[in-house]
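The values are calculated or read from the model by the stated rules, or taken from the named source; none is laboratory data. Here the structure is a predicted model, which means the values were calculated and not measured. Neighbour counts run over all protein chains shown; Cβ positions are idealised from the backbone, glycine included.
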């Protein structure tokens, strides 16, 4: 499924003004959005998900227009069919694992999920091998378990695209490697394209079919991993190529 983004957004704070102009398209299974912190990656993903409204431009997913400033189109978050996993997972601490995953379907007046929703949630928890944790709270979970809950919550509404904002940054190195493999397995099982934010060369080496490189609010490079970082195949070669690219970009 092809994602096409061409947006602008100006952000101001007391001591800084940031101008985002993100223009790229991607259609491979896993796209890695790569760049230094503060380069505009998260703002762009929030705009795709509908959590932030651009000042200008458009966002298209397949044949659907999610946003078009000129035409006055701004599809609500709930109707975009775009899943989002936050960097800190953003689980509700007062809800159980099952409650967090069911949250997208419940209304404020409902104390518990309808039977059909509960069955769907149970199936999703089993798919992520966390069914035994259904009554646990986020504070009782490990980092990897919290990530699985966040992924299950994002997938419960069967999105056409899954966005992940630095999904491994809160994990220790050994667990990161395991979760990279689980993320690729998720893509295979559910058939959903992924867009993953990172500034970790290891994520590029393990995940990327396609790369979008951000620098200071602009997209500076796009394309297949080999087109961006050279004809490198092994993980260590990719990591070295990515680090060289960062060093050149910073100079």
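Scanning segment 45-67 for residues that are touching a residue at least 40 places away in the same chain (Cβ under 8 Å), in a loop (DSSP other than H, G, I, E, B) and under 21 Å from residue 166 (Cβ atoms) yields one hit, 52. Got at least one residue in segment 116-133 being closer than 26 Å to residue 42 by Cβ, in contact (Cβ under 8 Å) with a residue 12 or more places away in the chain, under 19 Å from the mean Cα position of the chain (by Cα) and not in a helix (DSSP H, G or I)? Yes, the conditions are met somewhere in segment 116-133.
Restricting attention to segment 156-197, the residues that are out of contact with any strand residue (DSSP E or B) (no Cβ under 6 Å at 6 or more places or on another chain), at negative phi and not in a helix (DSSP H, G or I) add up to 8.
Residue-level analysis places residue 196 outside the set of residues that are over 17 Å from residue 87 (Cβ atoms), surrounded by 22 or more Cβ atoms within 10 Å (Cβ to Cβ) and at pLDDT 90 or above.
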